[in-house]
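Asker: Quick one: the structure is below, and I'll ask about it shortly.
The values are calculated or read from the model by the stated rules, or taken from the named source; none is laboratory data. Worth saying up front: this structure is predicted, and the values here are computed from it rather than measured. Please note: Cβ atoms are built from the backbone with ideal geometry, for glycine as well, and neighbour counts cover all protein chains shown. Please note that ligands, DNA and RNA were not included when accessible areas were found on the heavy atoms of the full protein model with its side chains. Shrake-Rupley method; radii C 1.70, N 1.55, O 1.52, S 1.80 Å.
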Amino acid sequence: MAATAYAAATAALTPRVYITSTVKSPSCSTLPFLPPRLSLSSFSSSSKHVSESQRFSSLQTRASSEESPVDANELFADLKEKWDAVENKSTVILYGGGAIVAVWLSSIVVGAINSIPLLPKIMELVGLGYTGWFVYRYLLFKSSRKELATDIEVLKKKIAGTE
């Protein structure tokens, strides 16, 4: 009985490829026809049925006639002005190259760690634990959120050099 149900489910879920081509096109190869699309109502009950147009309407974006608030020429002019103000251009290029090499090396290290069988799951647990601690420490209470905001402001001032 279970084998019959498994065979029926497998037969229903495996795609069938129909290769029926009578027209020969010299410019492209013939592709097999796709099986007909299954309706949404077969996967959900009629009370939960949502039409495709409603489901995908939230994903649609529209082009607006408004101009974007960032002008490309202004952006390039600002970047050129800042680049001309830099005294040690070779140092900036060296730091930029070092950052690219560091990202490349870190991706190699992460790939090596990911290939060890149990270590990725342990790292996920460590990350989940740290996330829980961070939420409890900084985001759960109003006073700790204010403390986090002041810490971020101090850090921004240190980075900008205005402190």
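Asker: For region 122-152, name all the residues that are of a type in the set (D, E, K, R) and surrounded by fewer than 10 Cβ atoms within 10 Å (Cβ to Cβ).
Answerer: Lys142
Asker: Any residue at all in region 65-73 that is at pLDDT 70 or above and in a helix (DSSP H, G or I)?
Answerer: Checking region 65-73: at least one residue is at pLDDT 70 or above and in a helix (DSSP H, G or I).
Asker: Can you tell me which residue in region 153-163 is modelled with the lowest pLDDT, limited to those that are part of a helix (DSSP H, G or I) and open to solvent by less than 90 Å² (accessible area, probe 1.4 Å)?
Answerer: Selected residue: Ala160.
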